[in-house]
Amino acid sequence: MSGINENYSKILSEIEQKISNPQEKEFVKNKISELMLMFMDIIDKISDITEMEMNDIEERQKELKLKIDSVANKVSKIEGDIYEDDENFDFEIVCPYCNHEFVADLDGENNEKNEVECPECHNIIELDWNEEDEELDGCSGFCDECHGCAHDHYDEEFDDEDDFEKDSGEDDNDDEDM
């Protein structure tokens, strides 16, 4: 603002030097002052509008921060629910010795255990944590048909390669015909 005041004073001094009639000089000074007041009023209005907009932006930022904090809190709870199961979960077990069904509470320390004691018959039950192997074999070993792995059926049905070739319809002579 000091630059504006210096320029304003310079303009008034030039008017006084150039205009000799006192009435005209006073008229021009008043009009310049009115013009200056109009500009200052416009600047004040712009400042007020800018300040209101800044306050509005700050309020919106506060609202957004509250919403973000709320979402972060919900995500944190969801993460807790998801990863809590990795550390502490109930595992249903059917005892193969007495067929007693019970729930074993396995936390982060115990889920690496390979054995659980049946609360009914107190026999030790081995746990198989290698689910990927079961999925690859296609058999969990609990069906009535195979009593183990699907490969056992294959071995029982086809004792040697000749039986396999006869059963599948392939014959050694087929290769010679082609």
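Values quoted throughout were computed directly from the atomic coordinates according to the rules given, and no laboratory measurement underlies them. Note that this is a predicted model, so its numbers are computed, not measured. So basically every Cβ, Gly included, is an ideal-geometry build from the backbone, and we count neighbours across all protein chains shown.
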Q) How do 75-81, 91-97 rank on mean C-beta neighbours within 10 Å, highest first? A) 91-97, 75-81
Q) Between ILE68 and MET54, what length comes free when the chain is fully extended (0.36 nm per residue of separation minus the Cα-Cα distance, one decimal in nm)? A) 3.0 nm
Q.
Can you tally the net charge around ILE68? Count Lys and Arg as +1, Asp and Glu as -1, for every other residue whose Cβ sits under 13 Å from the Cβ of ILE68.
A. +3
Q. What number comes out for the charge environment of ASP48, summing +1 per Lys or Arg and -1 per Asp or Glu over other residues with Cβ under 13 Å away?
A. -4
Q) With the Cα gyration tensor of region 25-104 giving a ≥ b ≥ c as the square roots of its eigenvalues, does the rule (a/c under 1.5 for rounded; else a/b larger than b/c for prolate; else oblate) give rounded, prolate or oblate? A) prolate
